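Let me begin by presenting the structure, written as structure tokens, before commenting on it.
The values are calculated or read from the model by the stated rules, or taken from the named source; none is laboratory data. Quick caveat, the model's predicted, so the values are computed rather than measured. A quick note on method: Cβ atoms are made from the backbone with ideal geometry, for glycine too, and the neighbour counts reach across all protein chains shown. When the accessible area is computed, the model is the full protein with side chains, heavy atoms only, and any ligands, DNA or RNA have been set aside. Shrake-Rupley method; radii C 1.70, N 1.55, O 1.52, S 1.80 Å.
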Amino acid sequence: MTTQSLDQLKRPIGLTGSMYMHALFYSLKKFNPILMVRNPVMFVVEVVSVLCTVLWIQALIGYGEAPAWFIGSISAWLWLTVLFANFSEALAEGRGKAQADALRKSRRDASAKLLNEPTYGSLYKTVSSIDLKKGDVLLVEAGEIIASDGEVIEGIASVDESAITGESAPVIRESGGDRSAVTGGTRVLSDWLVIRVTVDMGGGFLDRMIHMIEGAKRQKTPNEIALNILLAAFTIIFLGVCVSLLPFSLYSIEAAGQGNPITVTVLIALLVCLIPTTIGGLLSAIGIAGMDRMIRHNVIATSGRAIEAAGDVDVLLLDKTGTITMGNRMATEFTSAPGILKERLADVAQLASLADETPEGRSIVILAKEKYGLRGRDVHDIHAHFIPFSAQTRMSGINIQPEGKNGKRIIRKGAADAIRMYVVEIGGSFPSTVNLMVQEISRLGATPLVVVENKEVLGVVHLKDIVKGGIKERFSRLRKMGIKTVMITGDNRLTATAIAAEAGVDDFLSEAKPEDKLKLIREYQKGGRLVAMTGDGTNDAPALAQADVAVAMNTGTQSAREAANMVDLDSNPTKLLEIVEIGKQLLMTRGTLTTFSIANDVAKYFAIIPAAFATTYPALDILNIMKLTTPESAILSAVIFNALIITALIPLALKGVGYRAMSAAQLLRRHLLIYGIGGVITPFIGIKLIDMLLIFMGVCQ
Amino acid sequence: MTANGIFQIILYLFVLLLTVKPLGLFMAKVFQRERTFLDPIFGPVERLIYRIAGINPDDEMDWKQNAIAMLIFNFFGLIIVYAIQRLQQFFFLNPQGMSAVSPDSSFNTAVSFTSNTNWQGYSGEMTMSYLTQMLALTVQNFVSSATGIAILVLFIRGLARHSATTLGNFWIDMTRSILYILLPLSIVLALLLISQGVVQNYSPSVEIPLLEPTRDVSGTTVTNQVIVMGPAASQIAIKQLGTNGGGFFNGNSAHPFENPTPLSNFLEMLSILLVAAALCYTYGVMVKDTRQGWAILAAMLIIFIPVVFCTYNAEISGNPKLSASAIDQKTSDINPGGNMEGKEVRFGIANSALWAIATTSASNGSVNSMHDSFTPIGGLAALVMMHLGEVVFGGVGSGLYGIVIFVIVAVFVAGLLVGRTPEYLGHKIETYEMKMASLLILIMPLTVLFLTALAVITTAGKAAVFNTGPHGLSEILYAFTSQGNNNGSAFAGLSVNNPFYNVTGGIAMLIGRYWLAVPTLALAGSLVRKKLVPPSEGTLPIHTPLFIFWLIAIIIIVGVLNFLPALALGPLVEHLLMVQ
């Protein structure tokens, strides 16, 4: 994998000139009626375009029902209407195609070393990666590309997964545990791995990703199908309206004793203007663009269905660590025991932590420096011996033996009960005041770390979970959207309560075991809620499989990724919030364009009806409130507006309607105002302008 | 518009609204099988009926079983009505010696009365024996409206229940709606009407000498007048209450023996909307959220009231063409003013306009004035009320399930607008629901437009038209709109008692009723299986003024846009030509 393709994935692919050319090419291919029939609205437009063209040819040879230039112009704009719709879809697909090509490049036809025995050192033969099957065991050595998704059964190695994640830092993959899954297309940088292939060719993660991005096998989502049905119903009704208009027109001529029957060309123009071509033309682009937005957030969804479900989520289960809080606890305060100076406590705590490379240890050093100006000292300069944390003692610390001097300092820090046992053992006493401090700190949701020098208990360091900046605001936005947040943590109830309050989550599950998560999801689902969660470990897999929207971290295990319906390449648990917003945006874009499309019909009636019956009932000209110049210019303007509005809305379809966190009622009001009322007014202005332009250019007079 | 006229319309609306809650609550109790004050009287009758019919009152059925029960029951009703008409000359209670009704007319009437349309191609006092009027027509007045109510109740249970399969029992809901609702109301109304002078007897027609002899069209002197008789009150009560509308006499409620006084007019007019309006409240109670019922009623009234005033205004403004002929159309103490053609002097313009809009909105179809003689805008208003799909009040039961379909469409688009899979009353609206809803909104316009188009290009269709100009198109459009929507009111001006109109109209009525009822039940069958989606902040509230406005917009867009071209060539252009 080259870093170039990595960059391509990370950075959203903008629309380039060549992509427009490609899109144009593909939109011509989409005229194929077999492909078109999937979209009932545009299929109807295509059929009547053919019909109108035939009428035009008829007019050219002198048997026209209307002037050839008029029928010709109408047919041309009808064909353009179809082309614009095709173009929007091709443009949306184009972005995905470019991304898929970048990925596919990485998937060069690698060879693989197939081991005879599933152990390192056994004989192997070199085969093409295409011939691999599930269960095969491969050897991958430094510098080689892993040919397939699999599970490490032996060895440890650093792997460059930037092709998938875009993260340039190599990751460690080893047998056993949560880091045993490897992905096809990634490269081993050092050492070797023995891998058991877990998928058949073409079913690998990278293959699925390419499929998804390309949208080649894009299935319509349930909601899209439902909307398509409604649009088809509108199309059928308006087809009936237009077909029945010819008899009505004939009858009216008899009744009025004057006029010419409505021409088929005008009926076709009316039909295309009335059926919801705007949304019909853009519907598929909206769906593809939604998927594309996910990809640009580095989230790969396994289906469009999952993205839609994301918009409906009512409950978010969030792991405390990494999502709500920074990964690690940080020292926030020193509380000294009675009679001990705070400075001394800070100094001793810093000494004890000098060689402690854990984030907690480092945070103590930094806090002491920030609060009391104590600079870190080098462990070797002070002739100290560092005692690392061990599971037996549950303490860490430092022994300082100044050269040639007496006064050996034995410093320890650790959990209160561990220190208490230690102090009592060496003959000291644990002051009751410190005991009270410890209880108080726990109550506040922090972890107390007691510091002791020799036999003297100096005080307590507060270790606190640091809630990520801005997370509270995000949760309150979610609440406005009607989404409940639930924090999952292994902490005790006290700590959990405090953090939950600080982060502003709606509920929490403390002392949670993996199986509790599954139980909780089931409970919410029984109540009819849709649950979303993120997970990475193998023990998350059952819960991920149960959740409606399950986002696996890309750093997670193979089983977690299999169980989830989305994979976050950045492995950022907060991403769930964006996923929800993208899901909502997808539905909103469909809704707004549908409303806009139907609302447009009002103006089109006002343009076409008086024009169509101008010869029969001149009195109907009172409906020509736009004062369009001639019947031909009126009808042509309506058709041109209808075609151009599709192109005008392509950017909105691809970008999605801007999302705002507000209640459903507020959103409805806002969107009805913009797209409903706006949809009624816009075409009046647009059609009038086009009419003026047509007259100005002398097309009609 | 006069202050008196406006006051009468407001009084009407006020009294109607007063009845909504008590009657609605009572009906909810009836359908939830709770005890009511009528149990001591009708309870034993109900149990007897079940025992005779072999129905277990605790049995529930799924949507298919209910749909089949409904179809079988209605099919047999249709056959019986047809047979009685064809054989009426052999039966008793036929003092005028009416002969058999023609096959096509019998078919049309049978379909018309079983489908709750009550379109009348025939003239009651010239065609039907008393037995036919009572046994065939009045019985269908009860059971066809009870069928509509029963379908509604089954549909409501689909929305009120979750994770279930059954909707209730068609037989029981129908029996209970007749016994506890339609029958008691009809008895009360019939007695009140009799008190006002509506006839109720089995006497043959009476011939009396005219006070002043007159001449008929052929010029012969006429000295005697025939006064028709019959069991009218019992039929008229249910005709009004059950949104049936088929008059005992050809003159319908313009006839003095069918609607003699302003008070009888008020009562009959109230009865048109009484049950349909109260069912909104019943709906709210049964889905356990009365706000939903009020929201739907509000949407209906917001469409209904402006149309009433618009019609009233159009009628009282009269015809500018007549002013040229020095005809006084000004309203004064001695002159009702405006367009009085085809209106009864005892009702006046306000009550005629109000009745016209009530009867077309409620799919009732009874008339107290001749819609054909209305101004073009008045006629347009009546047409539009039907084009909305008979969902503003609509037929008893059918109107409410019709508007709920529109609610579902509105919820679907609104759900998309707020970025959430649409849900209504805790049911997710998915592909199947949209399939059924789409079917339901597209059948009616297609049927009406196709049949109207057929009529205007065939000789048989055109031959029946009495009037020239765009009014002729309005008449044909009105006939099929009325039948396709199971309204039954007639624009008249069209001679419809012939094979072409009897058969095409019969088809329109069958489609309008049953092709809609079955998908409605299927929709309920799908909704009832859904898991409950509990409401949250993200759920769109569907009882707010904003949603009501949106619902109205959807109803008008779907209803009016489809018919706009036809309306433009009919009443609209007629109006423009009139004011030119």
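Give me the one-decimal nm value for the distance between modelled label points at A:ILE225 and B:GLU34, 7 Å along each residue's Cα-to-Cβ direction.
For the pair A:ILE225/B:GLU34, the computed spacing is 4.1 nm.
Between A:TYR124 and B:SER323, what is the label-point separation in nm under the 7 Å Cα-to-beta-carbon projection?
Each label point is offset 7 Å from its Cα along the Cβ direction, giving 10.0 nm.
Do you know the relative contact order of segment B:1-142, to the nearest whole percent, from alpha carbon pairs under 8 angstrom that are 6+ apart?
Taking the mean separation of contacting Cα pairs over the length of segment B:1-142, I get 19 percent.
Round to the nearest 10 and give me the degree value, 0 to 90, for the angle of helix B:348-361's Cα axis relative to the longest principal axis of chain B.
Its long axis makes an angle of about 40 degrees.
Just the Kirkwood number for segment A:613-684, please: inverse of mean 1/r across all distinct Cα pairs, in Å, one decimal.
One decimal place: 15.1 Å for the Kirkwood radius.
To the nearest 0.05, how large is the calculated FRET efficiency for B:VAL188 and B:LYS531 if R₀ is 35 Å and r is the Cβ-Cβ distance?
Taking R0 as 35 Å, the efficiency between B:VAL188 and B:LYS531 is 0.20.
Under a cut-off of 12 Å between alpha-carbon atoms, report the aspartates and glutamates in cross-link reach of B:LYS330, not counting same-chain residues fewer than 8 places apart.
B:GLU315
Can you tell me how much longer the chain between A:ILE34 and A:GLN392 gets when fully stretched, taken as 0.36 nm per residue apart minus their C-alpha distance, in nm with one decimal?
Full extension from A:ILE34 to A:GLN392 adds 121.7 nm.
Taking Cα atoms, how many degrees apart are the long axis of helix B:103-114 and the longest axis of chain B, rounded to 10 and kept between 0 and 90?
Approximately 50 degrees, to the nearest ten.
Counting pairs of alpha carbon atoms under 8 Å apart in space and at least six apart in sequence, what relative contact order in percent does chain B give?
19
Given a 1.4 Å probe, how much area per residue of chain A is accessible, in Å²?
Per-residue value: 40 Å².
So how much slack lies between A:ALA142 and A:ASP191, counting 0.36 nm per residue of separation and subtracting their Cα-Cα distance, in nm?
Here the segment from A:ALA142 to A:ASP191 would lengthen by 17.1 nm.
Arranged from highest to lowest average of other beta-carbon atoms within 10 Å per residue, in what order do the peptides A:275-285, A:29-39 appear?
Most protected by this proxy first, the peptides run A:275-285, A:29-39.
With the contact rule set at Cα under 8 Å and sequence spacing of 6 or more, what percent relative contact order holds for segment A:441-505?
37 percent.
Determine the total buried accessible area between chain B and chain A, counting protein heavy atoms only with a 1.4 Å probe; round to the nearest 100 Å².
Accessible area lost upon association: around 5100 Å².
If you count, for every residue in B:443-453, the Cβ atoms of partner chains within 10 Å of its Cβ, what is the mean?
Taking all residues of B:443-453 together, the mean is 4.
Convert each backbone phi in segment A:479-485 into a coupling constant with the Karplus relation 6.51 cos²θ - 1.76 cosθ + 1.60 (shift: θ = phi - 60°), then list the ³J(HN,Hα) values in order as whole Hz, x for Gly and Pro.
The phi angles translate into 4, 4, 7, x, 10, 8, 10 Hz.
Sequence neighbours fewer than 8 away in the same chain don't count; with that in mind, list the lysines whose C-alpha is under 18 Å from B:LYS288.
The reachable lysines, counting only those whose Cα sits under 18 Å from B:LYS288, are B:LYS21, B:LYS29, B:LYS428, B:LYS530, B:LYS531.
How much accessible area per residue does chain B have, counting only protein heavy atoms and a probe of 1.4 Å, in square angstrom?
Roughly 34 Å² per residue, with all protein chains present.
Compute the long axis of helix A:575-599 from its Cα atoms, compare it with the longest principal axis of the Cα atoms of chain A, and write down the angle in degrees, 0 to 90, nearest 10.
Taking Cα atoms only, the helix is inclined about 10 degrees.
Across every pair of different alpha-carbon atoms, what Kirkwood hydrodynamic radius in Å does chain B reach?
Hydrodynamic radius (Kirkwood, Cα only) of chain B equals 24.2 Å.
Count neighbours as other Cβ atoms within 10 Å of each site's Cβ, and list the trypsin sites (Lys or Arg not before Pro) in segment B:210-290 that are DSSP loop with at most 12 such neighbours.
Those that pass, being in a loop and sparsely packed, are B:LYS288.
Beyond 18 Å, what percent of the Cα pairs of segment A:434-576 remain?
Cα-Cα pairs of segment A:434-576 separated by over 18 Å account for 64 percent.
Once phi is turned into θ = phi - 60°, what whole-Hz ³J(HN,Hα) does the Karplus curve with 6.51, -1.76 and 1.60 give for every residue of segment B:279-285, x standing for Gly and Pro?
4, 4, 5, 4, 4, x, 5
Just the number, please: carbon plus sulfur as a percent of the accessible area of chain A, 1.4 Å probe, no ligands or DNA/RNA counted.
Using a 1.4 Å probe with all protein chains present, chain A comes out at 59 percent carbon and sulfur.
Leaving out ligands, DNA and RNA, what percent of the accessible area of chain B is carbon and sulfur, probe 1.4 Å?
67
Which whole-number percent of Cα pairs in segment A:556-683 have a distance greater than 21 Å?
Distances greater than 21 Å cover 58 percent of the Cα pairs.
When you count, for each residue, the other Cβ atoms within 10 Å and take the mean per peptide, how do A:683-694, B:560-571 rank with the highest first?
B:560-571, A:683-694
Rank by packing, highest mean first: peptides B:118-127, A:43-52, with packing defined as the count of other Cβ atoms within 10 Å averaged across residues.
Final packing ranking: B:118-127, A:43-52.
How many Å³ per residue does the convex hull of the Cα positions in segment B:1-100 occupy?
Dividing the Cα hull volume of segment B:1-100 by its residues yields 267 Å³.
Which stretch or stretches of segment B:164-201 have amide N atoms under 20 Å from the point lying 7 Å from B:GLN225's Cα along the Cα→Cβ direction?
B:196-201
Once you have the Kirkwood Rh of the protein assembly as shown from its Cα pairs, apply Stokes-Einstein at 37 °C and 0.692 mPa s and quote D in µm²/s.
After rounding, the answer is 92 µm²/s.
Sorting B:HIS371, A:HIS297 by accessible area (1.4 Å probe), largest first, what list results?
In descending accessible area the options line up as A:HIS297, B:HIS371.
Which FRET efficiency value, to the nearest 0.05, is calculated for A:ASP200 and A:ARG670 with the Förster distance at 56 angstrom and r the Cβ-Cβ distance?
0.70
Only bridges with both residues in the protein assembly as shown count here: give the DSSP antiparallel percent, nearest 5.
The answer is about 80 percent antiparallel.
For chain A, what log10 I(q)/I(0) values come out of the Debye formula at q = 0.07, 0.08, 0.11 1/Å, with one point per alpha carbon and no solvent?
-0.66, -0.79, -1.14
Give the lysines whose C-alpha is closer than 21 Å to that of A:LYS413, dropping any in the same chain fewer than 8 places away, or say none.
Partners found: A:LYS342, A:LYS369, A:LYS371, A:LYS455, A:LYS464.
Which of A:LYS584/A:LYS604; A:LYS484/A:LYS517; A:LYS480/A:LYS655 have a Cα-Cα distance over 26 Å?
A:LYS584/A:LYS604
Would you mind giving the mean number of other chain beta-carbons within 10 Å of the Cβ of each residue in A:590-597, as a whole number?
Mean partner-chain Cβ count within 10 Å for A:590-597: 4.
Amide H to amide H, which residues 5 or more places from B:ASN118 or on other chains are under 5 Å from it, using H placed in the peptide plane?
Those qualifying (amide H under 5 Å, at least 5 residues apart or on another chain) are B:PHE113.
Sticking with the crude label model, points 7 Å out along Cα→Cβ, report the distance from A:LYS134 to B:LYS462 in nm, one decimal please.
7.2
Pop the C-beta distance of A:ILE466 and A:ARG305 into the FRET formula with R0 = 41 Å and round what comes out to the nearest 0.05.
It comes to 0.65.
For chain A, what is the mean residue ellipticity at 222 nm derived from helices alone (per DSSP H run of n ≥ 4: -39500 (n - 2.57); sum divided by total residues; nearest 500 deg cm²/dmol)?
The helix-only estimate for chain A comes to -16500 deg cm²/dmol at 222 nm.
Starting from one equal scatterer on each C-alpha and no solvent at all, send me the Debye-based log10 I(q)/I(0) for segment B:421-538 at q = 0.15, 0.17, 0.23 Å⁻¹, two decimals.
Per q value, in the given order, log10 I(q)/I(0) is -0.70, -0.79, -1.19.
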